[in-house]
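The structure appears right after this line, and notes come after that.
Here, each number is a calculation from the coordinates, and none is a lab measurement. Owing to the predicted nature of the structure, the values given are computational and were not obtained by experimental measurement. Cβ atoms come from the backbone with ideal geometry, glycine included; neighbour counts cover every protein chain shown.
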Amino acid sequence: MSLYDIIFYLFALLVLVSAFITVTSKNIVHSAFSLMFTLFGVAGIYVLLGADFLGVVQLLVYVGGILILMIFGVMMTNEITNVDIKTGTTQVVPAIIGVGLFAGALTSMMLRTGWNSQPSENMDTTTYAIGKLLLTEYVLIFELLGMLLLVALIGAASVARKEKE
């Protein structure tokens, strides 16, 4: 077993354990922080698979943006009301059956296809090729999307701005 395999299994274990804590925790703040570790583990697996750009985007967009926004929203609205949120566990048996079938199918597929977790010989980064495409062939679409996001940001700021009376 190589160092690459050990790192992969550690990331996979991090993803599985933190995802389990995310869905089973009764405290929503603990669930949000467990989701952060799940997303970090997924980003690590992306990097190990040679998709370094996708791993960085995973960190920036999901961990850096969406998850932080969720945590702020939970923390800000937690003190507004004292509504007890009940987590129903009425569908545990069908969920266990579904997860078991999915895990069995995934294991069967991995065994049939000869799962090999060795890195390829040519592990070049993907950011140069993506950057070159964005700034040569797709530059018009890239600039239009940038302007669209700027307009959306200005619109969101103007909607969120309170008018003084």
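Observations on the structure shown:
- Amide H contacts for T126 (H built 1.01 Å from N in the peptide plane; partners 5 or more residues away or on another chain; cut-off under 5 Å): D52, F53.
- Which of I96, I45 has the fewest Cβ neighbours within 10 Å, and the rest in rising order: I96, I45
- Using the Cβ-Cβ distance between I28 and T125 with R0 set to 35 Å, the FRET efficiency from 1/(1 + (r/R0)^6) comes to roughly 0.40.
- Extension gain for I141 to A160 (0.36 nm times residue separation, less C-alpha to C-alpha distance): 4.0 nm.
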